[in-house]
Each structure stands twice: as C-alpha cells, then as structure tokens.
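In what follows, a structure is listed as structure tokens, so that the remarks can point back to it.
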Amino acid sequence: MNTEAETSTSDEPVIRCESVYMIFGDNAHSMLQQANGVVDAARFQEAGCIVGVNNASFEVYQGELLIIMGLSGSGKSTLMRCISRLNEATAGKIYIEGEDILTMDNKQLIELRRNKMGMVFQSFALLPHKTVLENIAFPLQVKGISTQESMQRAKEMVDLVSLTGRENYFPRQLSGGQQQRVGIARSLAIEPDIWFLDEPFSALDPLIRKEMQDEFLRLQDVLGKTILFVTHDFDEALRLADRIAIMKDGVIEQLDTPANIVLNPATEYVRKFTEEVPREKVLKIKSVMDPYDPNEEVSEMRVQQDAIIETVAEAVLNAGKPVPVVDSAGEIVGALHASHIVHVLFGGHSDNETETAS
C-alpha cells in the first residue's frame, strides 16, 4: 500500500484508522485472533467468514477529499460504514478528531453523528410528505432547534445548492438531480465537520451526474469540508479527489494522489484501473515539469503548475523552447520540455523515469 503522498492543512488528522478489520461471521473474532493480523480472505471464506475490510490504516486531514473506490464487493462502503460506526469494526482503532469512536457509548455516538457528521447515500431517502424546506429542516428539528430557526437555515441551504424557487415542492415534483441536491442540503444543514458520501451520484443519468459533480466541486470550494466519498467510477474519483484509496477484497491496494496513481500504480490491480485513463486529462503540469535551469534559454510563455496538461499541451509543444512553470505567486518552480510531455503522455514510463507527483 502506498500512503506517502499525504496532503494536509492541519498537523492532526480529522480521521485516523489503525489496523481496522471488518469480518462478517459468527467466528470472526476467533479467526482473526488465530490469524495474528494476517488475514487470507479465501481461507476465512472457507471457514464461513466474509472479509469486508482487511487491515486498513490511513489518515484524513482537515479539508481533504478522500475518495474510496473499487469494484462491487471490494469493501469501500463497508469501510465508510465502519468509520461512521454504522457497522461495528471487528478490530482496530478509529479516531475522529483524536477520540476513539469505538469506545463511545450510544449517547456519545449519537451526539457525534448529530453534531459532526453529515451523510449522503445513493438513495435520496427524502420524506415524501414533506416539502424541500421541511426535508432540509428536519434534522435540525430533531436536534431541538426551533421551527423558525431551522426553516431559516433550510432556506440558506436551498440557496447554497441552487434550488431557489423550489422550496415548497414535494420530492415527487423534483428530478433525480434535484432530489439529490435536497439530500446534500439536508446533510449540510447541521454544519457537519465531516461529510460521508456513499455513491451519491450513481443513480443519476450521465448529464445530471456531471452537473452534480460540478455542484459538488463548487460546494467544496466554498465550504472546505473533510470528506470521505465512495464511488466505483474511476473518472469521478479522478475528477473530484485530493487522494484516492483503491480497494480490492477489503485491502487498500494504493492510497495516493490521482496523478501518482495514474503515473505509478503500486499493484497490477491498480494498473488495470489506470491503463485506459487519458493522462492529459488527469495530470497537472507539476507532475511532468523538470527542475528549472536559470542558464537555459526559455520561452516567454508561462504556465501554472496546477494547470491540467490537456489545457496547455498544444501551446507548450508549439513553443519551440522550454516553458517556465510558475506557482500561484508567479514564482518559477520548474520548466516544461516538449519531449518530456510527449514521453509521459505517449511513451510509457517507469517509476524511475517520472518523478513522484505532489
């Protein structure tokens, strides 16, 4: 498992998992003790146990969007349900803001979910007899907030997810994408610190799904939540994630930035996920830039290090000289050579040929 490329905006992680196991079966605990931490899924299955999560350890930092992905049955949703304690982990430790949630009693857990966690699932689960406003206000009222205050907060959420004018519609009067926006607004109404999203857009048609991804990116830019997002769609993961955890048979095969997963897949399974990905649509300039040589003759053109290669490749290839790469302050941090871009995009690579992307 590769976990080197961790990004953070805070020294302490918001979520920390240490050797988390989720094994279904009557003799799961005894089997795990006998295995001494080395779980063979096939052997456990022969003994009547199903391995959902196998020795998962990782951290998620403030404002980070971590996507957990894999094929059906890989354990991605099970892992998320363990972290939110909708499933009870068989073994391991799960910390939320430094507190081990596996030691919490029911009252503490309810308070944690009400005050710090927002959840959105594939099914919209809207109350059919309540309007958009009433659906969004409902969790606030459960917390004991007054009707007036909760409805005011609901109106703010309606504006946030661009449903203004539909406040008094019932769910049956909304499209699938609009219903999902209500679900998102409802989960955000409590102002959660941590946001869990399990396949939130998978039931939508492709056009609405793209619109919801755009909306999601806009919301995250405004709100900066700490997010765990489950999907089986690699394109969606590449588009949204700060980091991606790819799971197979309960094991996290690789946890890394989208660029590193595409450039340097850690296992054959991850490589198969990435082999059809158009690199120019995923990789940022900083993933393929070379060190800047002040003695080298360069183009007058400048490109931002966070630009996607596809957006500048043609201009760089036609520049005739290496193109300086700048950061957000306009300082030169590297240089682009046409030959390197061509090599990365079309010529193959090895772990030694391409520097690790940050």
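Values in this text are rule-based calculations from the coordinates and carry no lab data. The model shown is predicted, which means the values in this text are computed figures rather than measured ones. So basically every Cβ, Gly included, is an ideal-geometry build from the backbone, and we count neighbours across all protein chains shown.
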Zone of Arg114's modelled label, taken as backbone nitrogen in region 12-32 under 11 Å from a point 7 Å along Cα→Cβ: none
DSSP beta bridge pairing in the chain, given as percent antiparallel to the nearest 5: 55 percent
Calculated from backbone phi, Karplus (6.51, -1.76, 1.60) coupling profile of region 295-305 in Hz, x at Gly/Pro: 8, 7, 6, 10, 6, 6, 5, 10, 10, 6, 5
Anisotropy class of region 5-83 from Cα gyration tensor, a/c 1.5 cut: prolate
Computed E for Ala329/Ser162 - FRET, C-beta separation, R0 30 angstrom, nearest 0.05: 0.35
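Looking at the square roots a ≥ b ≥ c of the eigenvalues of the Cα gyration tensor of the chain, which shape do they give, rounded for a/c under 1.5, prolate if a/b is larger than b/c, or oblate? Display every interim value, and only then the final one.
Values: a/c = 2.11, a/b = 1.29, b/c = 1.64.
Oblate.
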Sites Tyr292 and Asn106, calculated FRET efficiency, Cβ-Cβ separation with R0 51 Å, nearest 0.05: 0.35
Taking region 78-221 and dividing mean pair separation by its residue count, relative contact order in percent (alpha carbons under 8 Å, at least six apart): 30 percent
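May I ask you to sort Asp233, Asp327, Asp242 by Cβ crowding, counting other Cβ atoms within 10 Å and putting the fewest first? Before the final figure, lay out each step's value.
Numbers: Asp233 16, Asp327 13, Asp242 19.
Fewest-to-most Cβ neighbours within 10 Å comes out as Asp327, Asp233, Asp242.
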Cross-link reach list, lysines versus Lys225, counting only Cα pairs under 19 Å and skipping chain neighbours closer than eight places: Lys116
Check: region 298-345 dipole with +1 on Lys, Arg Cβ and -1 on Asp, Glu Cβ, in debye: 160 debye
Charge dipole (debye, nearest 20) of region 17-158; +1 at Cβ of Lys and Arg, -1 at Cβ of Asp and Glu: 460 debye
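If you take the square roots of the eigenvalues of the alpha-carbon gyration tensor of region 124-185 and sort them as a ≥ b ≥ c, do you get rounded (a/c under 1.5), prolate (a/b over b/c) or oblate?
Prolate.
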